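In what follows, a single structure is set out as structure tokens and then discussed.
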Amino acid sequence: MPNSRRNEQRRKHRLTRLGFHFLFVGSFAMLGGALRGFNLLLVLAGLIVGTLIMQWRWSKRSVEAISVQRRLPTEAFAGKPFRIRYMLHNHSRLMPAWMMRVEDRIESSDRSDAATAICAAGVISAGQTVGPHCDCTVTRRGRYRLGPISLMTTFPFSLFSSRQISDDIDEFHVFPALLSLSSDYQRRLTTRPGGMSTTGRKSGPSEGDFFGLREWKTGDSPKWIHWRTTARMNEPAVRQFEQQRRFDTTVLVDGFNHSRNSLRSTPDDELATYHLERAISLAATLVIRLISSPSNRIVLAVAAQKCEAIIGTGSVAGKQRMLEILADVEPTDQPDIYEAAQQTLRLVGNTQNLIVISPRTLAFAKLADPKLIQALAPWTYRTDFRWICTSDRDLDRWVVREETEVKNQPVPKPLFGAV
């Protein structure tokens, strides 16, 4: 949920560069007319000063009559454009507002990235509300802050710039970028390592969801007969059902990145960060796909600088909270997978399948973390777990890579490979 803070508004009225030119010409005309007694110069000076006063009053009144509110999107994903809408309301009863410009600062939580969202409204009639918008694209996941909002106008002569600054601060999350899963990813979820297969748990009525009719076959239950179709065709016809599968799965993200504490950025460090972001994106994609069905019970666990575990079903709030946790993942060179697994066991026990998504191989992780074997013991005993490494070709069996992604991918290396 966005976190808002609203303070008093501040207003600034300044001469533009053109306004300073006008003021100089007016002062020169007034001084010359007064010293030489030229009435035409005094008339010219009066016109210039009158224009400046009219510009100042008009622009000042315009920004004072306008109130602005920000409307954030419900979801924002890295690499995909999202829309921020601003509601501008003119409280004046008679005077319209022209050429209103909105500037909104966007800044990451660590203040490493900053930009300005800009949009404008041509005319806002008296008592009217308009909603200009700005389409933004953020390339990095994480927590961002919007604000303050600056409302500005230089109408009608661009001699004065009147600005109203509102300390309206909102915080929002940019979720990890989503990947394109392969068409058989659900089959892989129900297939154990070594070629063994297991069926998903059934949910709902035993018959499943009705989707069509077919001819009668030996062994069909009489209660499945569709009597109207049978009478029309003079042949027995039965209902056909599709059985929905229920997935009870734990997705654990290994937030390992050896370059987190390094002072210099090398190509290997950039490649490590790339594989870590792929792991987080794959976890976000699986969570969204699996949690879309209300019958599924999904647990998300994160082993990074902060270990967290959360359980969710088909609720919107649960899905949003999971995506926020993934957006806030801070990698470390020593993730505590044991603690994340223990939090998962305290939530649901070891009754769910486990998928570990990591930028390193299982063999490398076991050597780096002696407690890893103990952490995975409740699942390895039943062989109901998978270790997906995003730095080798194991990821290609789960994700469909786009052409642009293949071109921009860093040079593959055996990073964190088997030792």
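Here are some notes:
- With R₀ set to 60 Å, the beta-carbon distance separating Thr16 from Lys306 gives a calculated FRET efficiency near 0.75.
- Once the Cβ-Cβ distance of Tyr381 and Glu324 is raised to the sixth power relative to R0 = 35 Å, the FRET efficiency obtained is 0.60.
- This model, with +1 at the C-beta of Lys and Arg and -1 at the C-beta of Asp and Glu, gives the range 1-148 a dipole about its Cα centre of some 280 debye.
- Here the range 93-175 is assigned +1 on the Cβ of each Lys and Arg and -1 on the Cβ of each Asp and Glu. Its dipole about the Cα centre then comes out at about 120 debye.
- Kirkwood hydrodynamic radius of the range 14-118, from the reciprocal of the average inverse Cα-Cα distance over all distinct pairs: 17.9 Å.
- Dipole of the range 27-127 [Lys/Arg +1, Asp/Glu -1 at C-beta], most positive-end residue of Gly37, Ala97, Val49: Gly37
- Protein accessible area in the range 49-134, 1.4 Å probe - carbon and sulfur %: 54 percent
- Pairwise label distance in nanometres, Ile225 with Ala126, each label 7 Å out on the Cα-Cβ vector: 7.8 nm
- Dimensions in Å of the range 293-378 - Rg and Dmax from alpha carbons: 13.3, 39
- Once the Cα-Cα distance is subtracted from the 0.36 nm per residue extended length, the Ile53 to Met87 segment shows a gain of 9.3 nm.
The values are calculated or read from the model by the stated rules, or taken from the named source; none is laboratory data. Predicted model, so just to flag it, every value in this text is computed and none were measured. Glycine gets a Cβ as well: all are built from the backbone with ideal geometry, and neighbour counts include every protein chain shown. Just the protein is used for accessible areas: all its heavy atoms, side chains included, with ligands, DNA and RNA removed. Shrake-Rupley method; radii C 1.70, N 1.55, O 1.52, S 1.80 Å.
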